[in-house]
Amino acid sequence: MIKKLVLVFIAAFAIHSYGQEGTASPYSFYGIGSLKFKGTVENRSMGGLSIYNDSIHINLRNPASYAGKNMAAFNNESRPVKFTVGGSHSSINLKSDTESDNTSSSTFDYLAMSIPMGKFGFGFGLLPYTSVGYKLESVNGNGDTENKFRGEGGLNKVFLGLGYQIIDGLSIGIDAQYNFGNIQNSTVEFLYDNDGALLEFQTRENNRSDLSGLNFNLGLSYKKMITEDLELSSGITYTPESNLVSKNTRSFSTIRTNVVTGQEFEFSRIDTDLEALGLLETDLILPSRFSIGAGVGKPRKWFVGAEYATQKTSNFSNELYTSASTPTTYEDASTFSLGGFYIPKYNSYTSYLKRIVYRAGVRYEKTGLNINNESINEFGISFGVGLPVGNFLSNANLGFEIGKRGTTNNTLIQEDFVNFRISLSLNDRWFQKRKYD
């Protein structure tokens, strides 16, 4: 048990140290950043599908999964205590109508634990929810840099969840989630004289928002054998609308930029009185979210399902940051996922390949962001495997996804991305009597 705990925390530390920024997407400029957490590696390898629950993986999208027998691990034994940690690496090709560039990012994605207690189950953990990480610039008609934009930070969640099994196959649950984090961004304005020569000094606007707030996620999970071999699995989740408190600061600096290295040297700074502007402390809305899905499969053999989610992102607003040069609105977001898995023979003692879980899926997402009258949509095709580690209860999960986000229409940027993901699902039994000392 101790060795497994050590392995979890070493993996989490290594993944977290490796990634400096959680995203490299220019679309993280908007709102509170790009949505980072969309499920575990197992979920995302099936197109984001999160309606399937078993006893050896944690489903962080639906708190009802913490409770009930779900699928008794093996031979109808009691459910194990579950640990999971995950991280990812993303390679992105950014392209516009005229040029393209490549970037990448690596990040820690989640760390969680689930403990069964009879008909109850508890879950808790930490996950980065949104991420900000962009470096952009605009140019004037002469091809000279006019403005440089840079941002970093994001919103994190710590959560504590409780699930309860009402009857066999039917469970409900709730997560209490505390949100915290900060977003920092800056804009540097470059000025030129009448001959087009860059002036010695530039002006930089600095903004920082420290975010905090509480929200809840409600879930329901239902499983039932509909024939001798086929099982129905379904799930519903609902996250009510909530508020984030944003404590803001803003200042203006006079700087000089090294044109070779890009390093900035600050000479003076003036703090803005945001209290006089009514912007010292503002409220941001975390939109409500609803998801529903269902699927069928043969237990421990195969499963296929579909899920639909919608989010009221049209209610989002951010008073502190506006962009008059780029018309931006928020519309309701939605996601459709289709996916499943296949296990040749889960309990094979002679073939390791037969015990591997093979996963695949596809998703289409309307992000809710609208720029220059263009909806920013996302599409991805995913694949993955679950590799048994040690005993039958633990595994390493590898995921791979290719897709695109955005468009080159109306001077926008299209992202063609390749995502690699890895997680460890480690399980052990804490409340099992030993037959021998």
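The values are calculated or read from the model by the stated rules, or taken from the named source; none is laboratory data. Since we're looking at a predicted model, the values are computed, not measured. Counting neighbours? That spans all protein chains shown, and the Cβs are built from the backbone with ideal geometry, glycine included. To get the accessible areas, we keep the full protein, side chains included, count just its heavy atoms, and leave off ligands, DNA and RNA. Shrake-Rupley method; radii C 1.70, N 1.55, O 1.52, S 1.80 Å.
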With Cα coordinates, the longest principal axis of the chain makes an angle with the long axis of helix 2-18, in degrees rounded to 10, of 20
Of the accessible area of the chain, computed with a 1.4 Å probe and all protein chains kept, carbon and sulfur make up a percent value of 57
Karplus ³J(HN,Hα) for region 288-298 (6.51 cos²θ - 1.76 cosθ + 1.60, θ = phi - 60°; Hz, whole; x = Gly/Pro) runs 5, 9, 9, 9, 8, x, 7, x, 10, x, 9
Note on the chain: alpha-carbon gyration tensor, axes a ≥ b ≥ c; rule is a/c under 1.5 for rounded, else prolate if a/b larger than b/c, else oblate; result prolate
Diffing region 59-67: the Karplus 3J(HN,Hα) column from phi (6.51, -1.76, 1.60, θ = phi - 60°), in whole Hz with x for Gly and Pro, holds 9, 7, 8, 10, x, 5, 6, 5, 10
Beyond 22 Å (Cα-Cα) in this structure, taken from K82/K312; K298/K354; K36/K119; K38/K148; K119/K224; K312/K366, we find K82/K312; K36/K119; K38/K148
Of Q184, Q202, Q414, the most mobile residue in a GNM of the chain (C-alpha springs, cutoff 10 Å) is Q202
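What 222 nm value per residue comes from the helices of the chain, counting each DSSP H run with n ≥ 4 as -39,500 (n - 2.57) and dividing by all residues, nearest 500 deg cm²/dmol? Show your work: numbers first, answer last.
Working: 4 runs with 29 residues, N = 437.
Calculated mean residue ellipticity at 222 nm is -1500 deg cm²/dmol.
Give me the net charge of F252's neighbourhood, meaning all other residues with Cβ under 13 Å from the Cβ of F252; Lys, Arg count +1, Asp, Glu -1. Mind showing how you got there, number by number?
On the way: positive: R204, R250, R269; negative: E189, E205, E266, D271, D273.
Net of charged neighbours comes to -2.
Given axes a ≥ b ≥ c from the Cα gyration tensor, I'd like to know whether region 243-312 is rounded (a/c under 1.5), prolate (a/b larger than b/c) or oblate.
The shape class here is oblate.
With the Cα gyration tensor of region 251-363 giving a ≥ b ≥ c as the square roots of its eigenvalues, does the rule (a/c under 1.5 for rounded; else a/b larger than b/c for prolate; else oblate) give rounded, prolate or oblate? Can you show the working numbers first?
On the way: a/c = 4.05, a/b = 2.08, b/c = 1.95.
Since a/c reaches 1.5 and a/b is larger than b/c, the shape of region 251-363 is classed as prolate.
Heavy-atom accessible area per residue, the chain, 1.4 Å probe: how many Å²?
Details: 21630 Å² over 437 residues.
Dividing the accessible area of the chain by its residue count gives 49 Å².
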The rounded separation in angstrom of the Cα centers of region 174-229 and region 259-298 is 4
